[in-house]
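Engineer: Mind looking over this structure? Questions follow.
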Amino acid sequence: MSGSLERRYRRVLGLLPGWYRKQWEEDMVAAFLDSWLTGDPEADAYITKAAGPSPAEVASVTALAVRLYLGGAGAPGRHFAWGQAVRNSVLAVMLVRAVGGLDAFVGAVRAHNFGTWLPVLEKAQATKAHVVQAADSSPAVAGHLVNTPAVLPGGIWPTIFYTDAVGCAWIVVFLALVLGSYRAARVIAVLAITPALVQLLSAQLTGNPAPQLVHWAFWILFDVVPVVAMIAFHRDAPPAEGRCWLLAVPASYVLVAVPLLALLETGNSAWLPDFSGLCCILVTLACLAHTPRAWSRQAPGSGVWSLTLTLLAAVAGLYRVITLSEYLHNPHRIAVSLAELLIMLAAAALVAPDAVRTETNTPAPPRYPRAMAA
Amino acid sequence: MASQPMTGQSFFVLTALADGPRHGYGIVGEVTELSQGRVRLKIGSLYGVLERLSAEGLIEPDREEAHDGRLRRYYRLTQDGRRALAEEAELRASTARVVRARLSVTGTEATG
């Protein structure tokens, strides 16, 4: 009687992990059929043929699947490891965006005649020159941690607003994630990636100047993907190690942004990596720093970080490959970019075996204190 | 690590089981009625909640019954579940009392 309706729903339930289906599938199917079938054979025959899981029903199963695959407390080790790795990766990308925001904010303050928000013309011109110089040196922007559009169609003021407002938004998103305000982080992050989409679409439609592949790639890899991946920050996600992540902001600014700025200000911009190169260098250094822990096989949680670094290396590597298209007429830059890519892949290979092992040996913390007390 | 606050969905599901065991779709109907139509659980959402509550030890399977060729599994509250629900109900009631008291004060000022 319920054959095809049941089949359609079971197909949707195929999204769920096997261990979960084993325990709950029959019950879910029974409840689903109860919600449709009336007990009247004629009506039920028609419903069975015509009805199927609604989009809302499919969405609820999908959301459940995501929560289970990117598991939190109480999840099987493999799913917990993936959940933690995705959450750490999102935090790492948000950290880079937040430091980029801090960099932009400091740049704006320096250009805004300290203490007053009304800029002096010369300072604004200096900012404009700085932005243009940065944009000219590479489409992926040297000198700034995170690339922003060179000068927006409206001129220098929209550019400064964009850099300040969106940069600050990333700082807020990072803080919200670290402090556990996941919903606020998602909302602000969606708002933060929208101006870039508008900018890209407007440039694409007017063709003045038409955005290149790298601009879309940046938006997708460093805006959209992390925002979508924020779905891993669900109710069961263990809280982030707040103090470490918060300290990482000033530490990263001092260790990464300041040296880059110093290179730029002292006229050594030839030494500046583009954003893609910077990502490769940072992931390489992180992999090398993590390698002793990954090889010790005893450090708790090392596998999750190995998986995190492998994911970050994949994103940085993909972006490095895409940005190679920008340097087709510059053999030196191609050679440097390929060297960055290969060194990063070699460093990632050092932690990859630990990342593979982590799928089987990462215990998840218990779900709730209440469960422990029970 | 502080204990997590109970979600609205969990609260309604536990309340639906407070007066006796229910099967999956029975819980959906009861939650809709209890919430006066404000909470309409999809099956995927319901089993997400049931899995959590079960892992927390707040509910447990009661029995299985055949119905139209399908096996319905019934769930019931555990002692911990009953206690957690009572605590949550008390918390919500005390919050409601505070809200009413504040509203009556501002209402008096507004009308006075």
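Since every read-out is calculated from the coordinates, none of them should be taken as a lab result. None of these values were measured; they are calculated from a predicted model. Here the Cβ positions follow ideal geometry from the backbone for every residue, glycine too, while neighbour counts run over all protein chains shown.
Engineer: Which log10 I(q)/I(0) values does the range B:8-111 give at q = 0.18, 0.20, 0.22 Å⁻¹ under the Debye formula, counting every alpha carbon as one identical point scatterer?
Structural biologist: Here the Debye-derived log intensity ratios amount to -0.86, -1.00, -1.15.
Engineer: What list do you get for B:12, A:80 if you sort them by fewest beta carbons within 10 Å?
Structural biologist: B:12, A:80
Engineer: Also, quick follow-up: Can you put A:333, A:11 in order, fewest other beta carbons within 10 Å first?
Structural biologist: Starting with the residue having the fewest Cβ neighbours, the order is A:11, A:333.
Engineer: Which of the trypsin sites (Lys or Arg not before Pro) across the range B:1-92 are loop residues per DSSP, with 10 or fewer other Cβ within 10 Å?
Structural biologist: Passing both the DSSP loop test and the Cβ count: B:38.
Engineer: Please order A:281, A:171 by the number of other Cβ within 10 Å, starting at the fewest.
Structural biologist: Fewest to most other Cβ atoms nearby, the residues stand as A:281, A:171.
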